[in-house]
Amino acid sequence: MRYRRTPRLVALLAALAFFAVACGGGEEAAPPAGDDGADDGGGQGSIAQNYDLSGASFNVGSKEFTENKILGQIAVQALEAAGADVTDQTGLIGSATVREALTSGEIDMYWEYTGTGWVNYLQHTTEDAPDDLAAQVAQEDLENNGVKWLEPAPMNDTYAIAVTQEYSEENGITQLSDVSEAEQKTLCAASEFINRDDGLPGLEE
């Protein structure tokens, strides 16, 4: 079972020109005096050359698993490089916890997944997911909850089931549907996958 989950940053203030999501609104930071903000195409140097966030403060959160913590640290370091004062609150346990931290104002931003937004927060199902999921999640979450999603990151996070080659050969597993026929099955998965409708419950159906 595969389900497209595109990561985005969820934030109270959209201040940097990297892909993000925000709760509330904000203006893009102006480039330092004398800098027109144009990209020289070199890919070198500090974010501070183009964005000055001196005096701005941000509380950055993340979920507890490795990928999301890395994304959280990208946000932390990008904001710090632009001169902002950053409080690192990455590593919060569970989607519900970090979402509540955002909507309550405890944190200003964190990276979230469009699939999680669609199923967990907007209470839809995977069956009614539109082709333009990112745009639909952004529109509904802003209208219903005041959470602003910016443009998605240029990467995809998709649930998938992996088995060893030995297990595959012993049980004749070449595709996901073959797993249901295997006599011995033990699944190791993240806690959210065990409970999400688009995780184990959907797989068992």
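The values are calculated or read from the model by the stated rules, or taken from the named source; none is laboratory data. Source: prediction; values computed, not measured. Reconstructed Cβ throughout: ideal geometry from the backbone, glycine too, with neighbour counts over all protein chains shown.
Number of residues in segment 150-201 that are more than 17 Å from THR114 (Cβ to Cβ), touching a residue at least 60 places away in the same chain (Cβ under 8 Å) and not hydrophobic (A, V, I, L, M, F, W, C): the value is 1. The condition of being among the acidic types (Asp, Glu), assigned to a helix (DSSP H, G or I) and at negative phi holds for only one of GLU140, GLU106, that being GLU140.
Taking the conditions exactly as written (over 30 Å from the mean Cα position of the chain (by Cα) and exposed (fewer than 14 other Cβ atoms within 10 Å of the Cβ)), does GLU205 satisfy them or not? When the stated conditions are applied, GLU205 does not pass them. When segment 48-94 is limited to residues that are surrounded by fewer than 21 Cβ atoms within 10 Å (Cβ to Cβ) and hydroxyl-bearing (Ser, Thr, Tyr), the one that is modelled with the highest pLDDT turns out to be THR87. Evaluated against (1) assigned to a helix (DSSP H, G or I); (2) exposed (fewer than 13 other Cβ atoms within 10 Å of the Cβ); (3) of a type in the set (A, V, I, L, M), MET155 falls short on exactly one condition, (1).
Could we say that ASP178 is surrounded by fewer than 19 Cβ atoms within 10 Å (Cβ to Cβ) and in a loop (DSSP other than H, G, I, E, B) here? Spelling it out, it is not the case that ASP178 is surrounded by fewer than 19 Cβ atoms within 10 Å (Cβ to Cβ) and in a loop (DSSP other than H, G, I, E, B).
On the given criteria, is TYR167 outside any helix (DSSP H, G or I) and either aromatic (Phe, Trp, Tyr) or touching a Leu at 6+ places or on another chain (Cβ under 7 Å) (or both)? In short, no. Which one is nearest to the chain's Cα centre (by Cα), of the residues in segment 98-116 that are over 19 Å from ALA75 (Cα atoms) and polar (S, T, N, Q)? Per the criteria, the residue is THR116. Of the candidates VAL119, VAL137, VAL86, VAL147, the single residue that is within 15 Å of the chain's Cα centre (by Cα), free of Cβ contacts under 8 Å to residues at least 60 places away in the same chain and in the same structural domain as LYS63 (by TED's automatic domain parsing) is VAL137.
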